[in-house]
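Scroll down for the structure; my scribbles are underneath it.
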Amino acid sequence: MAAVLVVSFLALASGWSRPRLERLRERPLFRIPLAVEVVLGGLGVAAYAITVYAGLAGTDFQQGNLAPTAVYVGFWVGLSFLSLVLGDVFRLLSPWRAIGRATGWLAARLGGGGATEPLPYPDRLGHWPAAAGILAFVICELVWRAGRDPGPLGVLMLVYLFAQLAGMGVYGVEAWTRRGDAFGVWFGLFALLAPVARDGRGRLVLRAPAAGAAGLQPLAGTVALLVIGIASTGFDGAREGPLFNGVRGDLQDAFVSAGASIGLGLELAFLAGLLAALAMVGALWRLGTQGMPRAGSAPDRAALSRRFAHTLVPIAAAYVVAHYFSLLAYNGQDLWRLASDPLGRGADLFGGASSRIDYSILTATAIWYVQVLALVAGHVAALVLAHDRALVVYGSARAAVRSQIVMLVLMVCFTCLGLWLLSAALNG
Amino acid sequence: MIVLAHAGHWLVQLIYVVPLAVLVGVIVVGRIRDRREAAHEQVREPEPD
């Protein structure tokens, strides 16, 4: 796999001598009608309301309640995959954005011009609220034992909704959902890799896959958000393998001997593992950007980190596809059963309550090939994006190639890490 | 013959090279486009008096 990256690097060095991704070629298709936006927004609100209700009023049994699978499989994983293929669909489906826009529309009609203008979104906030939101989400998913229980999940969903309503109320719907909403920003980053997008005039356009990432406008916290995404997916893989399981007991014992209960000790062990993964991915990225020479348009490491932040997007996507593909393929089927009986009380609304997961739809070998292909494709895309940006930053092809040697090493490290985590999870 | 008989086993390994093949294709197409654009610009350039 590393050889594929090295040969890709050489191919870029010899045949890609001027920037091609800074000015994207887009082929306009058609404008999405407002009615479609309203219907999809309404569907998002309905799905959200049903999931919250199932969480709060349904059975406490995780596998019998719609909420955990809907949130962690349908929403978190399913929308990531959908965004990679169809672009920023979450902007259309987002329940809080739909509520915010509907509220704004109503206020304008009923209140005339009396509504107060939203505050300008502060530059220093950037993507930090989104990064904090994704970190909180992965802690619920990977660390907190009750985070997968239907009741607490329903409460958390309501808390998140109120936080979004407050954010939109203060800074405006579009400003907040594009920068502060954790899921809006996260799925929006994945949508940059999709072959379809919406242009400034609201038209659907076709473009080269992954090329949209070059248009990412990095803000404060963008790199942190991507590092959290990569590290948490990596940690989720490591949790299933022998590396983390080998030290988990020792960590738990250390926390228990320091006064924590057995359950809390386990949660703190998982938190320590997650933080270690964050530190490792962050340090790798820091090393990668530290190793690049400074240039006029990127005079220090922080500026270089921002200018090359978009190269982390395909890596994050590759990790998500590689790690969650089988989860979506198998557990995604369970959504049909759970939608038919969302509360787990014996209903059969759509006739699917007795359906079961068909594990024969994919072989273990097929899953392995998809995972490895995703990792290689993601890292090759990252190399292309980095090389193209280096041509802009350093001016000449020779300087660009030299600057990217350390980035190549970084990509090989990320690929090896991803492959090792996959194989460790299979053998664990 | 043995190699061909077991082609199913090793051919699938080539899936890892697909991203590289796509990249090479993109580079080749990009270079052809560049040459065409350069040729068009030469044609468009007004003749010196």
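The table for this structure:
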| item | result |
| --- | --- |
| Net charge of neighbours whose Cβ lies under 14 Å from the Cβ of A:ASP149, counting Lys and Arg as +1 and Asp and Glu as -1 | -1 |
| Cα centroid of region A:368-417 to Cα centroid of region A:259-281, whole Å | 32 Å |
| Inter-chain Cβ neighbour average for residues A:364-370, partner chain, 10 Å | 1 |
| Listed peptides B:20-33, A:90-103 by packing density, highest first (mean Cβ within 10 Å) | A:90-103, B:20-33 |
| Long-range amide H partners of A:VAL205 with built H, under 5 Å | A:LEU29, A:ALA197, A:ARG198, A:ASP199 |
| Loop-resident sites, region A:332-402, for trypsin sites (Lys or Arg not before Pro), counting at most 12 other Cβ within 10 Å (DSSP) | A:ARG345, A:ARG356 |
| Top of A:LEU156, A:LEU335, A:LEU110 by mean-square fluctuation, Gaussian network on chain A, Cα under 10 Å | A:LEU110 |
| Within region A:255-328, chymotrypsin sites (Phe, Trp or Tyr not before Pro) in DSSP loop having at most 12 other beta-carbon neighbours inside 10 Å | none |
| Chain A: DSSP helices with Cα axial extent of at least 27 Å and average Kyte-Doolittle hydropathy no lower than -0.5 | A:34-57, A:150-171, A:262-290, A:312-331, A:364-394, A:405-427 |
| For A:ALA298, distant residues with modelled amide H under 5 Å away | none |
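Rule-based calculations on the coordinates, nothing more; no lab input. All values derive from a computational prediction rather than experimental measurement. Neighbour counts run over all protein chains shown; Cβ positions are idealised from the backbone, glycine included.
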